[in-house]
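Down below is the structure, laid out as structure tokens.
Quick note: the coordinates plus some simple rules give every number you see, no bench work behind them. Model, not experiment: these values are computed from the prediction. Here the Cβ positions follow ideal geometry from the backbone for every residue, glycine too, while neighbour counts run over all protein chains shown.
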Amino acid sequence: MAAIAFDTLSCARRLIAAGIPEQQADVLAELMAQAFVHNVDQLVTKDYLDARFDAFESRINQQFVTLEKQMDERFALADQNFAKIEGKFQLLYWMMGVVIATTVLPTLASFFGPG
């Protein structure tokens, strides 16, 4: 429980001076003191908030580090897959070249050859 400096006697005296009956002023002062204590218990301090924000920031930073690591792993896997696909395309290019050479060259030879 947080400490609060609320002087009920001073409060009651000021209420009495303002024209409120003594018994009513005493009750009001006590009720105000209880309300202040209750409200102070619900307050948080700057140090508490700073600690909570620091902990939250640490968790978020750790999550970003983990996410960045996972993304790096996935990109590395994607790079490997692209390298495999590129190798397959190279093979296809050579195969197409052979097919074109075996199809086009005899046709060209028949057009331009002795005949």
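If you go through the range 8-43 and pick out every residue that is of a type in the set (S, T, N, Q) and surrounded by fewer than 11 Cβ atoms within 10 Å (Cβ to Cβ), you end up with 3. Every listed requirement among (1) surrounded by 10 or more Cβ atoms within 10 Å (Cβ to Cβ); (2) within 31 Å of the chain's Cα centre (by Cα); (3) of a type in the set (D, E, K, R) is met by K46 save one, (1). Residues of the range 35-47 include at least one that is outside any helix (DSSP H, G or I) and among the aliphatic types (A, V, I, L, M).
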